[in-house]
1. Anything in the range 599-613 that is surrounded by 18 or more Cβ atoms within 10 Å (Cβ to Cβ) and touching a helix residue (DSSP H, G or I) at 6+ places or on another chain (Cβ under 9 Å)? List them, or say none.
2. For Phe398, are the conditions met, namely being of a type outside the set (Gly, Ala, Ser) and under 30 Å from Pro491 (Cβ atoms)?
3. The conditions are (1) among the hydrophobic types (A, V, I, L, M, F, W, C); (2) in contact with an Asp or Glu (Cβ under 9 Å, 6 or more places away or on another chain); (3) at pLDDT 95 or above, and Ala507 fails exactly one of them. Which is it?
4. Can you list residue pairs whose Cβ atoms sit under 8 Å apart, with the first residue in the range 560-574 being under 24 Å from Gly646 (Cα atoms) and touching a residue at least 24 places away in the same chain (Cβ under 8 Å) and the second being surrounded by fewer than 17 Cβ atoms within 10 Å (Cβ to Cβ) and charged (D, E, K, R)? Count only pairs 6 or more apart in sequence or on different chains.
5. Could you tell me which numbered condition Phe293 fails, if it satisfies all but one of (1) farther than 27 Å from Gln438 by Cβ; (2) outside any strand (DSSP E or B)?
6. Go through the residues of the range 659-666 one by one and say whether even a single one is closer than 21 Å to Leu565 by Cα and assigned to a loop (DSSP other than H, G, I, E, B).
7. With (1) surrounded by 21 or more Cβ atoms within 10 Å (Cβ to Cβ); (2) at pLDDT below 95; (3) charged (D, E, K, R) as the list, and Asp632 as the residue in question, which single condition is left unmet?
8. Please determine, by comparing only the residues of the range 510-537 that are without any contact (Cβ under 8 Å) to a residue 60 or more places away in the chain and surrounded by fewer than 22 Cβ atoms within 10 Å (Cβ to Cβ), which one is farthest from Glu652 (Cα to Cα).
Amino acid sequence: MKTTKALLALGVGLSVLLTACSATGTQDSPASGITVKRDGYGIPHVYADTTRALYSGYGYSVAEDRLFQMEMAKRSSIGTAAEVLGPDYVEIDKTARNSIDPQSIKDQLARLPQNEHDIFEGYAEGFNKRIDEVGADPARLMPKQFLDADFRPEHWTGYDVAMVWVQTMANRFSQSSSELANLQVLKSLQAKNGDEKGRQLFDQLIWAEEDPGAPTTVPRDESASPDDEPHAMSQEAHLSDVTQALPDANLTRMKNAGGGEWPHMKPEASNLWMVGADKTADGTSVLMNGPQFGWFNPSYVYGVGLHGAGLDVAGNTPYAVPTVLFGTNKTISWGATAGPLDVNDVYQEVLDPSNEHAYRYDGEYRPMEVRNETIEVRGGPDVAYPVYSTVHGRVTSFDTPNGSAYSLKESWAGYEIQSLVAWIDIMKATSWDEFLEQAKKVAITINWYYADNRGNIGYVSPGRLPVRPTDQDRRLPAIGDGSMEWEGIRPFEDNPQSYNPEQGYLANWNNQSAAGALADGYNWSPVDRVRAITTRLEAKDKFTPGEIWDINREASFADLNVDYLLPYLAQATEQLPDGDPVAAGVNMLRDWDGQATDDNADGVYDGPQPAIMRTWLPILFDAVIRDDVPEDVYASYAAKVYPAAGTARPAEATKLVYNALRGDESGVPQTTDFFNGADRMSVLRSTFGQAMDRLRTEQGPDPAGWTMPVGANRFDYKNYLGVPQAGSDEVLSLSPYMNRGTQNDRIVLGDGIADLCTVGPPGQSGFIAPDGTRSQHYSDQMDMYRNFQCKTDHLTEQSVDANKTSEVTSN
């Protein structure tokens, strides 16, 4: 018998016993009836016969690996970070508390049947057992981050387990609305250009009707566009003016959650592509998923296998929530990207002139409901403040000078736990029909993907879709006086769905889900990064799993603007004589494969083309767009052309210029001429020439010497809400920037075939011992990620046993 003490020192946290051996010495272990086996990357496979025991082993394993991260995830989710970190985190706590209804979540949990209740209580039970062991032996087991911050982990409840999912998945990706920001932009445009011209410009910046050229995940010829979707701008005349710099809790939350500035404010960035039997060389299905939560240390995702109580699954999942979001049960595989459906509306409430906490509804003023919150603050006084609500939902801002307030109505409020349980239950599904049965129960907006061992593939976009009045413009706040209320919820059959499309593949990179599926915060357009995936899928009839994986590298480094502008630029310069420097620059772009790489690792992009594009586009946009919009509006476009940290999507300004270049052929009516009557080809030549002149002046006459520093994937020590989840000295970095998933998983299923290959940097464990020793699995997936490799994850007990490095069983 042997105890593997090296793993103890590295924070694995169990007295690891090798198989078929009896214990000696002090034994740390999960609750009874549980076996945990870890592989060479520290991934735990939990075995138990009951739901409660299985999740207890899961919670215990998570606490071994990610105790500090999860403690801060819990505090970020329920709004108690300031209690241990001090006054600087009060506003973050307010944002968290403003976005939740604690009593509703508790009531939903209380209504669960016992077998589902055991999921949350079992997880908390196992997590707390580890906390108790750490507390009993802090000199050996306490993560160093707690010692540095001078506080201790606290026990969890089932509510805490649920709230991590509610905040990090449901709220982060489903609670978005751009309607208030859109109204601010509309009013700004009208102030500059007059009501009619301002409205026309607004329609060109944020189009109401869909662009038929925008790529959809459900093939357009399979999409059924609802015939009663609202488009008209009828409520504009009834909306009050709005303060331009109005602080709004939900807009703040969206930005903190990873969203951007207007016009693309929704936190979302994930991709997935998969092929079915007709498009693979061996008749298998291959699913490739890259959820882009951002890059953090420890990782946003956690690897786990759950075996028993009706489950036999493995994969990765964000924040170790109680389901595997990206994984397989060997019969089916599943994945997800951020949801695109419009499941929220902002309402403009008319305030009582004599009482700003009363609003007009159904012909009378009603008092707002109020929930009083008190935030405990380390090193400072408690902070008490109210959270107000109307009949529509939580009030996100008061615009008292204009006699209005704004509230957020969510179609999925009250269904958060039902949505999570459905996501848990897909792990047991074995067919498309069983998968859809769970999708029907999901109220939040999310994209779900399916593949199975019979070579079938499918896509569904769940979410409770409101039936809106036909005279409501979804881009703007709704009227809150009772005259613009939802008329019901659409049947699930209206949600975008596709099963075994004729094209043989399905792909998504947060593009439009289906024809007719619109929202307030998207400008779906032919200019879309999903084409970096679909053009490659359409280039071949059959793919191997390796070729499906290789698309990830090409999409990760793809310049997402050049393909849309280069054809017009080439046309504009085709008559230039040989040797003309402008023509020479265009030819360099034409000869480029569009890959922004740094193969020699010298810190600058290979070749002059990235420098050319990053110099030309700001000049082009300045010439074409700037004079037509207010400075604050233009600034939001200019800031996101090629962000220094890395380019995640095409510039929003590229969409506008592309539409303007297409003119009457554009899918968006061009009522305002952004070129102001100038010849479009001349403008392209002139601006490109200016870019070439600037590069020659700044970097010399030889294009071979033109460089541009690379961006990097920065693995932040703070979580996406800005709360530390590691020490400030734990920031990691990889360059050049890769526009890819926080984790990547590829799942191949077929007759007798089940293969899961994943990578989730930095590593499985965030544990640092009190003496500063890091777990051996702290960052052991970084090089794998850098090199576009993946590790084999074990799907059978035989494979787990053959590759385990530790095992512990509690009797």
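The values are calculated or read from the model by the stated rules, or taken from the named source; none is laboratory data. Keep in mind it's a predicted model, so treat the numbers as computed, not measured. Neighbour counts are summed over all protein chains in view; Cβ atoms, including those assigned to glycine, are modelled from backbone coordinates with ideal geometry.
1. Those that are surrounded by 18 or more Cβ atoms within 10 Å (Cβ to Cβ) and touching a helix residue (DSSP H, G or I) at 6+ places or on another chain (Cβ under 9 Å): Tyr605, Gly607, Pro608, Gln609, Ala611, Ile612, Met613.
2. When the stated conditions are applied, Phe398 does not pass them.
3. With respect to (1) among the hydrophobic types (A, V, I, L, M, F, W, C); (2) in contact with an Asp or Glu (Cβ under 9 Å, 6 or more places away or on another chain); (3) at pLDDT 95 or above, Ala507 is out only on (2).
4. Close Cβ pairs satisfying both conditions: Leu566/Arg590.
5. Failed condition: (1).
6. Looking through the range 659-666, at least one residue is closer than 21 Å to Leu565 by Cα and assigned to a loop (DSSP other than H, G, I, E, B).
7. Against the list (1) surrounded by 21 or more Cβ atoms within 10 Å (Cβ to Cβ); (2) at pLDDT below 95; (3) charged (D, E, K, R), Asp632 comes up short only on (1).
8. Of the range 510-537, the ones without any contact (Cβ under 8 Å) to a residue 60 or more places away in the chain are 532, 535-536.
With surrounded by fewer than 22 Cβ atoms within 10 Å (Cβ to Cβ) added as a condition, the list becomes 535-536.
Values: Thr535: 21, Arg536: 23 Å.
Checked the range 510-537; the qualifying residue farthest from Glu652 (Cα to Cα) is Arg536.
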